[in-house]
Amino acid sequence: MSRSESVSASEQDADEHWHVHQLEDVYDALGTDREGLDNETAQRRLDEYGPNEIESEEGVSLLQIFINQYKPALIWVLIVAAAVMAIVGHTIDAGVIAGVVVFITVFGFLQDYRAEQSIQALQEMSTTYALVRRGGEKTEIDATKVVPGDVIFVESGDIVPADARIVEESNLRVDEGALTGESIGVSKEVGQIGQETALAERKNMLFKDTVVQRGSGTAVVVETGPESEIGQIATALEEAEERDTPFEAEMDRLGKIIAAGVIGAVAVIAISELVIGDTPPLQVFLTAVGIAVSAVPEGLPAVVTLSLALGARRMAEQNALVRRLPIVEALGSVDVICTDKTGTLTEEEMTVQRIVANRETYEVTGTGYDTDGEFRHEGDPVDDERVAEVLRCGMLCNNVDVGLRERDSDRPDARVEDGAAGANADVERTYLGDPTEISLFVAAQKAGFDHKKLAEEYPRTGEVDFTSARKRMTTVHRTPDGNTVAYMKGAPETVVERCDRELVDGELVELTDERRAEIEAHNESFAEDALRVMGFAYRPEVPDDQVETPNEELEQSMVFLGLQGMLDPPRPEVPGAIAGCLDAGINVVMITGDNAVTARAVGKEVGLRSTRVITGPELEEMSDEKLREMVDDVDIFARTSPDHKTRILQTLQAKGHTVAMTGDGVNDAPAVKNADVGVAMGIRGTDVTEQASDIVLLDDNFATIRNAVRGGRRIFDNVRKFVNYLLSGNGGEVTMIFTGTLAGLGLVITPIQVLWINVVTDGIPALTMGVDPAAEDIMERDPRPPQEGVITRRILASIVGIALFMTVCLLPLFTLNLYGELIPGYDVTDAVFGWSPGYDVGRDLAQTMVFTGFVLMEIVRIQAIRFRYDLGLFSNSWLVLAVGIAVTLQLLVLYTPTGQLLFDVEPLQLVHWAQILVSAAVFALLMALFVKIQDRYFDRY
């Protein structure tokens with residue numbers, strides 16, 4: 001039953017605007033009260049509305065994953081081939097082909113299923129619990145069992161289990177960045193707000209999967225699961241059509257081409273035989289079947305699937321979890337990467353590095369959340385008292401919570417300092433709060449401030465909240481001598497404009513215009529060095545009416561204390577990764593919510609191509625045509641919202657770019673979903689974004705994206721190599737059979753022998769080509785155009801040329817051993833080989849010679865293909881082993897009774913091997929000459 005079926009018309013209106021109505025009306029619409037629900041009602045609603053979770057297609061995913069394995073056209077070509085072989089009585093051939101189909105589909109299914117299970121495991125790591133009032137008692141339950149009408153309780157560090165209307169709150173502040181894209185915490189309050197209030201400004205509401213930064217609150221649940229704000233976004237994403245990757249489209253096109261080629265070749269042969277020959281219709285049909293089997297590359301789908309799977313496994317070892325196998329290859333054609341800054345390009349551990357106090361600038365040592373560090377002036381250590389007041393202000397005007405927890409806890413909102421718990425290795429110190437506030441907290445600890453002791457000496461009595469509009473926060477405290485003091489922190493310009501004095505060496509002095517200009521210069525200098533800057537001030541005397549319920553009137557006549565500049569340092573590996581991308585023709589675009597100056601400084605430090613910046617407000621005023629003109633020249637978009645990401649993505653794609661887009665918040669999900677390669681953050685990312693993505697970064701690191709692109713290019717090179725290898729072999733088989741049939745020689749090779757070549761002696765080496773090392777220049781080439789398929793003009797020429805060379809080299813070998821007597825009156829074969837001529841006697845041996853000749857020529861062909869990529873013979877030990885296995889298996893077929901029986905072969909004598917080796921040598925020379933000609937007229941790859 002839907003919610004609309006359970007409530008009246010007036011209640012439906014409340015349902016749409018929960019933030020607008022009085023609390024009593026909300027209770028009435030939900031059929032609940034301040035005491036919550038009883039257990040029986042809660043269970044009934046759980047049955048009605050379903051679990052409080054975002055459906056992720058898990059119910060049908062197994063079937064869908066299995067069905068997806070049968071989408072490629074090549075699979076259906078194999079299925080039809082197996083059916084035809086079974087009809088004509090070639091049961092062994094049919095069984096081999098059917099086995100190949102089963103192997104491909106089962107292996108592909110297991111690989112895709114494993115990826116989905118890994119995503120589920122990531123999501124289960126963040127399973128949450130909710131504290132609710134059930135039957136008049138507070139009870140902790142699995143958050144998936146929360147229902148509309150439940151009364152929930154939240155406090156600092158909790159993940160909000162559902163959308164809810166706030167009933168009571170105490171200093172409640174929530175990080176809604178996952179939903180709104182705004183990383184600044186939102187202060188919550190009880191009351192009604194206007195109907196048109198934007199989602200990010202609905203202060204009387206809590207939203208599912210947001211994180212409580214501080215304080216506590218009580219709320220009544222209004223929406224759960226797919227009806228929640230985050231659920232509606234997820235539902236819209238699930239309804240979006242899943243697009244095929246360029247590689248999937250290419251392989252499907254290749255399958256259709258092969259199918260059409262098979263049908264065409266069979267038709268031509270059959271018509272020719274029936275028109276110009278006297279071959280019985282049954283023999284014509286069997287010949288056509290033989291041609292069809294030789295034309296179908298039975299091993300190709302298996303090799304492609306295994307190659308992609310091996311690539312996906314390597315990427316997983318490098319912290320990139322691939323959700324769909326074909327996307328591994330799509331990475332190779334990416335020419336633009338749009339990346340977040342915080343946590344992806346940077347460490348996401350803000351560290352105070354410079355302080356302005358007492359009209360001097362001080363450096364702060366130490367990194368991350370390590371509390372060991374000192375303060376220096378012009379390189380020399382200074383007394384902590386020189387910066388004590390600004391640090392005290394930073395710790396008191398701060399909402400970070402500190403505690404200890406067991407190691408390996410998976411709470412996503414906590415920042416951790418390893419080893420902070422001292423000798424107890426089983427626990428660690430945690431910081432709950434905004435990274436900027438944490439950095440201020442840690443800086444004060446470096447000066448010896450103890451947060452518990454300081455909070456006892458300066459108890460907080462009131463607060464004026466931080467908002468994105470105010471850009472500042474003020475707290476009021478009792479002092480040890482019984483007076484009151486107000487501390488302020490915020491954007492330097494908003495702090496300075498409310499100050500009329502400055503603290504210098506313990507004295508209050510006038511804050512002149514000249515000093516204001518100097519402070520602004522410091523601010524700009526810090527920002528240009530990629531530092532986030534905050535200003536600090538205090539008011540030594542607080543009016544009585546502002547002690548417990550302060551407001552903005554308190555924020556005047558302040559005393560300026562100083563500045564603190566903090567850095568979220570770039571990850572050490574990022575500059576090299578970006579340089580590698582630029583060398584590979586891949587542009588890197590940073591999209592961040594930071595201000596333009598800081599974003600430009602970070603971009604310069606990590607090595608972006610240029611430092612041109614467009615801000616969110618500028619983007620909103622810019623027409624689509626103007627953005628399209630300049631988007632290729634912009635590397636940084638600052639002060640952006642998630643909606644801007646989608647617009648940037650669409651503009652880049654409209655200009656023909658293949659774009660990889662990173663994201664973590666729910667509002668990033670549409671951009672991630674619609675990108676050519678969507679990349680979600682595994683640490684900071686939400687479940688919805690992970691479900692919308694193609695790849696999940698387990699370490700949230702940009703260098704992992706670079707490595708994934710390199711892996712994608714390597715995989716595509718290898719796919720192109722073995723497609724060339726397998727199709728040129730199949731082309732040779734078709735040409736041989738076609739020529740032999742038209743010449744009246746009958747089948748020059750049997751269908752079962754062709755299957756053996758395609759699946760075993762070709763398939764095993766082709767499989768190991770999937771682990772070939774990357775070419776040295778792989779990240780020096782420009783990205784492959786998306787419209788450029790696996791088969792290029794050069795590869796097509798190779799397939800045709802190799803097919804002709806194989807025919808030229810093997811057809812005389814077949815004829816010699818089939819007829820025996822080439823010159824009238826002189827029995828060459830009897831003189832040389834010691835057996836009598838004759839059509840019937842020589843056929844098995846002639847087919848055996850062609851059969852084995854194909855195997856040896858394909859081995860020669862492997863290294864010719866790899867040589868183009870500057871890969872030596874022994875650069876892939878698995879390939880060497882595979883070639884050895886293929887040769888060994890061929891010898892077993894030739895020289896064991898079982899092999900001779902199954903494949904209708906004759907054991908070869910030394911002189912037969914000599915003929916085959918001569919033919920292979922001629923083939924190698926022809927191929928070497930052909931490659932030289934290709935080098936003059938075609939691109940290298």
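In the set (1) modelled with pLDDT of 90 or more; (2) in contact with an Asp or Glu (Cβ under 6 Å, 6 or more places away or on another chain), the condition left unmet by Ala601 is number (1). You will find that of Ala178, Ala115, the residue that is farther than 30 Å from Ser307 by Cα, modelled with pLDDT under 80, of a type outside the set (Val, Ile, Thr) and not in a loop (DSSP other than H, G, I, E, B) is Ala178 and no other. If you filter segment 716-750 down to residues that are modelled with pLDDT of 85 or more and within 14 Å of Arg843 (Cβ to Cβ), you find that the one that is surrounded by the fewest Cβ atoms within 10 Å (Cβ to Cβ) is Ile749. Within segment 18-32, the only residue that satisfies the criterion of being polar (S, T, N, Q) and either over 14 Å from Asn204 (Cβ atoms) or in contact with a helix residue (DSSP H, G or I) (Cβ under 7 Å, 6 or more places away or on another chain) (or both) is Thr32. Please indicate, with yes or no, whether at least one residue in segment 609-623 is within 26 Å of the chain's Cα centre (by Cα) and part of a helix (DSSP H, G or I). Yes: one or more hits.
Quick check on Thr210: is it in contact with a His (Cβ under 7 Å, 6 or more places away or on another chain), under 27 Å from Lys471 (Cα atoms) and outside the structural domain of Thr475 (by TED's automatic domain parsing)? Give the steps one after another, and end with the answer.
Details: in contact with a His (Cβ under 7 Å, 6 or more places away or on another chain): no; under 27 Å from Lys471 (Cα atoms): yes; outside the structural domain of Thr475 (by TED's automatic domain parsing): yes.
It is false that Thr210 is in contact with a His (Cβ under 7 Å, 6 or more places away or on another chain), under 27 Å from Lys471 (Cα atoms) and outside the structural domain of Thr475 (by TED's automatic domain parsing).
When the criteria are applied in full, Asp904 fails the requirement of being within 30 Å of Arg784 (Cα to Cα) and surrounded by fewer than 17 Cβ atoms within 10 Å (Cβ to Cβ). Restricting the first member to segment 493-521 and to residues that are without any contact (Cβ under 8 Å) to a residue 24 or more places away in the chain and hydrophobic (A, V, I, L, M, F, W, C), and the second to residues that are assigned to a strand (DSSP E or B) and surrounded by 13 or more Cβ atoms within 10 Å (Cβ to Cβ), the beta-carbon pairs closer than 7 Å and six or more apart or on different chains are Val509/Arg501; Val509/Glu502. Of the residues making up segment 774-828, just one is among the acidic types (Asp, Glu), at pLDDT below 80 and closer than 30 Å to Gly576 by Cα, namely Glu788. Could you tell me whether segment 248-268 includes any residue that is surrounded by 14 or more Cβ atoms within 10 Å (Cβ to Cβ), in contact with an Asp or Glu (Cβ under 8 Å, 6 or more places away or on another chain) and at pLDDT 70 or above? Yes, some residue in segment 248-268 is surrounded by 14 or more Cβ atoms within 10 Å (Cβ to Cβ), in contact with an Asp or Glu (Cβ under 8 Å, 6 or more places away or on another chain) and at pLDDT 70 or above. Evaluating Asp583 against the criteria (1) surrounded by fewer than 18 Cβ atoms within 10 Å (Cβ to Cβ); (2) within 30 Å of Arg501 (Cβ to Cβ) leaves one unmet condition, (2).
Residue-level analysis places Asp870 outside the set of residues that are modelled with pLDDT under 90, assigned by TED's automatic domain parsing to the domain that holds Gly744 and more than 49 Å from the chain's Cα centre (by Cα).
Cβ separations smaller than 8 Å between residues 6+ apart or across chains give the following pairs from segment 907-922 residues that are loosely packed, with under 12 Cβ neighbours inside 10 Å to residues that are assigned to a helix (DSSP H, G or I): Val911/Val832; Val911/Phe833. Just give me the residues in segment 181-228 being over 20 Å from Gly31 (Cα atoms), part of a strand (DSSP E or B) and hydrophobic (A, V, I, L, M, F, W, C), in sequence order. The answer is Val186, Val211, Val212.
Of the residues making up segment 508-555, those that are in contact with a strand residue (DSSP E or B) (Cβ under 8 Å, 6 or more places away or on another chain) and in a loop (DSSP other than H, G, I, E, B) number 13. Taken over segment 530-571, the residue count meeting the criterion of being surrounded by fewer than 13 Cβ atoms within 10 Å (Cβ to Cβ), within 24 Å of Thr436 (Cα to Cα) and either touching a Leu at 6+ places or on another chain (Cβ under 9 Å) or of a type in the set (Phe, Trp, Tyr) (or both) is 0.
Filtering segment 623-657 to residues that are of a type in the set (A, V, I, L, M), buried (at least 16 other Cβ atoms within 10 Å of the Cβ) and modelled with pLDDT of 90 or more leaves Leu627, Val631, Val634, Ile636, Ile648, Leu649, Leu652. When segment 370-380 is limited to residues that are under 22 Å from Phe441 (Cβ atoms) and surrounded by fewer than 15 Cβ atoms within 10 Å (Cβ to Cβ), the one that is nearest to the chain's Cα centre (by Cα) turns out to be Asp372.
So that you can scan it fast, the table gives a plain yes or no per residue for (1) out of contact with any helix residue (DSSP H, G or I) (no Cβ under 9 Å at 6 or more places or on another chain); (2) within 18 Å of Asp717 (Cβ to Cβ); (3) of a type in the set (Val, Ile, Thr); (4) not in a helix (DSSP H, G or I):
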residue	(1), (2), (3), (4)
Gly746	no, no, no, yes
Leu755	no, no, no, no
Val760	no, no, yes, no
Ala775	no, yes, no, yes
Pro785	no, yes, no, yes
Ser798	no, yes, no, no
Ile802	no, no, yes, no
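The values are calculated or read from the model by the stated rules, or taken from the named source; none is laboratory data. Note that the structure is predicted; figures quoted are calculated from it, not measured. Heads up, the Cβs are rebuilt from the backbone with ideal geometry, glycines too, and the neighbour counts pull from every protein chain shown.
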